[in-house]
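Quick one: the structure is below, questions incoming.
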Amino acid sequence: MPVAGRLDVRCHFGAPWRIEQPAIDAMFDAPGKPWTLPDLAALCHMSRATFARHFDEAIGRSAADVLTDIRMTLAGRLLAQGGQPVAEIGEFVGYQSDAAFQRSFKRHVGMTPAQWRAAARTPA
């Protein structure tokens with residue numbers, strides 16, 4: 001499932017094309033995949049250490065942090081749409097357990113997925 005509006009998010013990572021771009025594209029294209037640093041480094045034809053250093057220098061954050069942002073943004077959008085169960089959304093964005101997804105979402109967003117969904121349904 002493509003991420004709606006992902007071009008807006010990708011612009012945050014800047015143009016022109018960067019050597020880290022294949023990894024960024026892969027994280028957007030398959031956010032639910034269990035990405036590892038070696039997987040992402042291989043996409044960029046770099047060693048793990050070189051990739052981690054280049055990514056952090058170029059983006060200012062680790063690849064793991066960026067992947068979590070992508071996953072939580074997508075999860076927030078899906079929760080706001082309201083159709084899927086929370087556990088299904090968590091699995092879709094790469095979490096193997098509902099509890100792990102709920103903890104990560106709350107730590108990242110500041111509220112539980114259920115609270116986020118309820119807030120999204122409340123008229124402004």
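The values are calculated or read from the model by the stated rules, or taken from the named source; none is laboratory data. Bear in mind that the values here come from a model prediction, so they are computed numbers and not experimental data. Every residue, glycine among them, receives a Cβ derived from its backbone with ideal geometry; neighbour counts consider all protein chains shown.
Please identify the pairs in which a residue from region 41-61 that is basic (Lys, Arg) has its Cβ atom under 7 Å from the Cβ atom of a residue that is modelled with pLDDT of 90 or more, counting only partners at least 6 apart or on another chain.
Every condition considered, the pairs that remain are 48/37; 48/38; 48/41.
Exactly one condition in (1) crowded, with 19+ Cβ neighbours inside 10 Å; (2) assigned to a helix (DSSP H, G or I) is false for residue 69; which is it?
For residue 69, the failing item is (1).
Here is a follow-up. Taking the stated definitions as given, is residue 23 surrounded by 18 or more Cβ atoms within 10 Å (Cβ to Cβ) and under 11 Å from the mean Cα position of the chain (by Cα)?
Taking the combined requirement at face value, the residue does not satisfy it.
A further question follows. Taking region 85-110 as the region of interest, how many residues are part of a helix (DSSP H, G or I), of a type outside the set (A, V, I, L, M, F, W, C) and more than 17 Å from residue 27 (Cα to Cα)?
Counting residues in region 85-110 that are part of a helix (DSSP H, G or I), of a type outside the set (A, V, I, L, M, F, W, C) and more than 17 Å from residue 27 (Cα to Cα) gives 8.
While we're here: Considering only region 86-110, state which residues are loosely packed, with under 14 Cβ neighbours inside 10 Å and over 13 Å from residue 74 (Cα atoms).
Residues satisfying the conditions are 96, 97, 99, 100, 103, 107, 110.
Please state which one of 109, 93, 86 is over 20 Å from residue 35 (Cβ atoms) and in contact with a Pro (Cβ under 7 Å, 6 or more places away or on another chain).
86
A quick yes/no check of all residues on (1) among the small types (Gly, Ala, Ser); (2) modelled with pLDDT of 95 or more; (3) in contact with a Ser or Thr (Cβ under 7 Å, 6 or more places away or on another chain):
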position: 11; (1), (2), (3): no, no, no
position: 15; (1), (2), (3): yes, no, no
position: 24; (1), (2), (3): no, no, no
position: 45; (1), (2), (3): no, no, no
position: 58; (1), (2), (3): yes, no, no
position: 93; (1), (2), (3): no, yes, no
position: 101; (1), (2), (3): no, yes, no
position: 113; (1), (2), (3): no, yes, no
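Something else now. Here is a check on your reading of the model: is residue 39 acidic (Asp, Glu), part of a helix (DSSP H, G or I), modelled with pLDDT under 95 and at negative phi?
Judged against the criteria, residue 39 is not a match.
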